[in-house]
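Single-structure report; data block below.
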Amino acid sequence: MELLDYCRSLPKVELHAHLNGSLSDATVLKLLSAKKQQGDDFSASAEHTHTHTHTHTHTHTLRMFRILHSITDNLDAVRTITQDVIQEFASDNVKYLELRTTPKNIPNKMTKKEYMDTVLEAAVEAMKKSNIRVCLLLSIDRARGVEDAWSTLQLAKEYLTHDVFGSLVCGLDVSGNPHSGDLKDYLPVLQEAQKCGFKLAVHLAEVSSNTETLAVLNSGLVDRIGHGTFIHSDTGGSEELHTVVRKQNLPLELCFSSNIKLGTVKNASHHHLGFWKKENHPVVICTDDKGVFATSLSEEFFLCAQTFHLTEGELHSLCLSGVDAAFLSQVEKQRLRQEVQKELDSLKGKLACQ
Ligand code: 5GP
């Protein structure tokens, strides 16, 4: 099998995917067409921007998110995107998906609870149609302030005792513009979240921010790091940060195309996957925003394999490290591990020599 086909066949685990950033062009065009039918004249320019620009500066990406959010501002659209995104990951042979999204309150359209209920209902429906297990992380947007974070945690707590959604909500994510706000202000919220039993995935050192990153890591609240680009000293981090991450053995969610397209990493061969792989540190390959960065999890595996000359065994280990880092109970992890291992065994020896 050629490398890309082989990556498509791998049984994969996706742990870092933002719902609204994961929309395929097909889904976006479907939603734009629905907006047009409702007589929304904004849609023509949005369509133009979506289909005709593919640069990825931070400003452009923020603009992309504004457009994406404006076409997903109603519950029908939220249901559609959730089902489409899950179906697309399942078609890419993703066995387990942790999808993250920011609950949104849009006056006269939806409350945070309605938004999240709709995502969860759609996830349940999508799982019935495909062989994929999905869990949800509620995202705290660091640009929206601490009050908003408390209300997101309050909503997450409401699901703890829910008979269906209780097992689907597995944790919280902290994301949003890394230049906005200070993560240290959010530590009391994260402390309370941990007390309630939520696992925490935090975007850290996505841009150079040593003081903030060290304070958050020293809190001992983080279960997984999103990006972690500026941690080791070669990339502008520090020995101290590197040591803390090693000591806590915190898995890193690595988003190759996202980092390269946004320019936080100089080029493919400078990606920090190379550094952490040499250290044998737990890493998981993820898409971040497969729609915005025009990628898929298979393509991310392919790019990493090509850049770092990964062997078949290393690709298999990467699939299994996704299982190890999942926010699942030990029993569920064991079940997932068996399923993934079985498919990996059937692929052994099938990768053509690179
Ligand atoms: P949503 O939470 O609306 O489903 O997904 C889009 C949101 O995810 C963005 O508005 C942003 O807050 C967050 N997001 C997506 N990609 C990134 C990223 O690469 N870094 C950070 N820090 N946040 C992101």
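Nothing in this text is a laboratory measurement; each read-out follows from the coordinates by a stated rule. What you see is a predicted model, and the numbers here were worked out from it, not measured in a lab. Cβ: placed from backbone, ideal geometry, glycine included. Neighbour counts: every protein chain shown.
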Multiply the residue separation of GLU114 and THR161 by 0.36 nm, subtract the distance between their alpha-carbon atoms, and state the gained length in nm to one decimal. 15.2 nm
Filter the trypsin sites (Lys or Arg not before Pro) in the stretch 253-354 to those in DSSP coil with at most 14 other Cβ atoms within 10 Å of their Cβ, and list the result. LYS266, LYS348, LYS350
Would you mind getting me the FRET efficiency between ASN131 and LEU4? Use the beta-carbon distance for r and R0 = 25 Å, nearest 0.05. 0.70
Please find, in a Gaussian network model of the chain (springs between Cα atoms separated by less than 10 Å), the residue of ASP92, ASP289, ASP148 whose mean-square fluctuation is greatest. ASP148
Dipole of the stretch 269-338 [Lys/Arg +1, Asp/Glu -1 at C-beta], most positive-end residue of HIS272, SER317, GLN338: GLN338
Once normalised by the length of the chain, the mean sequence separation of its alpha carbon contacts under 8 Å that are 6 or more apart gives a contact order in percent of 21
Tell me which of THR287, SER175, THR211 sits at the most positive position along the dipole axis of the chain, charges placed on C-beta atoms (Lys, Arg +1; Asp, Glu -1). THR287
Just going by the charge dipole of the chain, with Lys and Arg at +1 and Asp and Glu at -1 on Cβ, which of GLN83, SER33, SER22 is farthest out on the positive end? GLN83
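For the chain, what is the charge dipole size about the Cα centre, in debye to the nearest 20, if Lys and Arg each add +1 at the Cβ and Asp and Glu each add -1 at the Cβ?
So the dipole magnitude of the chain works out to roughly 280 debye.
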Zone of SER238 (label point 7 Å along Cα→Cβ, backbone N under 17 Å): which residues in the stretch 150-190? 183-184
Cα-Cα over 23 Å, subset of LYS112/LYS157; LYS36/LYS109; LYS199/LYS266; LYS30/LYS129; LYS30/LYS109; LYS30/LYS104: LYS199/LYS266
Just the number, please: percent antiparallel of the DSSP beta bridges in the chain, rounded to the nearest 5. 5
Per-residue HN-Hα couplings for the stretch 136-145 [Karplus 6.51, -1.76, 1.60; θ = phi - 60°; Hz; x = Gly/Pro]: 10, 10, 7, 8, 9, 8, 5, 8, 9, x
For the chain, compute the orientation-averaged projected area of the C-alpha convex hull (one quarter of its surface), in nm². 17.0
